[in-house]
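The values are calculated or read from the model by the stated rules, or taken from the named source; none is laboratory data. None of the values given here were measured: they were computed from a predicted structure. Note that each Cβ is placed from the backbone with ideal geometry, even for glycine, and that neighbours are counted across all protein chains shown.
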């Protein structure tokens, strides 16, 4: 799958379409802030992975958007 951009979803289900912009920088500008804390997800195997940011009280999970092409 080829990535075409990014989007974020907050804890209330609101979506933020980021496009090809760097997600952290875009969201900081959107909320008028200068600091973002990283948000992590704990996996069952004991490892953690970075999944988004906490900015201005919003928990924003970042997703890579791409084109899903089905062979006919």
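Annotation note: of 21, 45, the sole residue that is in a loop (DSSP other than H, G, I, E, B), at pLDDT below 95 and either within 12 Å of the chain's Cα centre (by Cα) or surrounded by 10 or more Cβ atoms within 10 Å (Cβ to Cβ) (or both) is 21.
So that you can scan it fast, the table gives a plain yes or no per residue for (1) surrounded by 12 or more Cβ atoms within 10 Å (Cβ to Cβ); (2) not in a loop (DSSP other than H, G, I, E, B):
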{"site": "25", "(1), (2)": "no, yes"}
{"site": "35", "(1), (2)": "no, no"}
{"site": "52", "(1), (2)": "yes, yes"}
{"site": "59", "(1), (2)": "yes, yes"}
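Within the range 27-35, identify whether any single residue is touching a residue at least 40 places away in the same chain (Cβ under 8 Å) and more than 10 Å from the chain's Cα centre (by Cα), and answer yes or no.
Going residue by residue through the range 27-35, those that are touching a residue at least 40 places away in the same chain (Cβ under 8 Å) are none.
Among the residues of the range 27-35, not one is touching a residue at least 40 places away in the same chain (Cβ under 8 Å) and more than 10 Å from the chain's Cα centre (by Cα), which makes the answer no.
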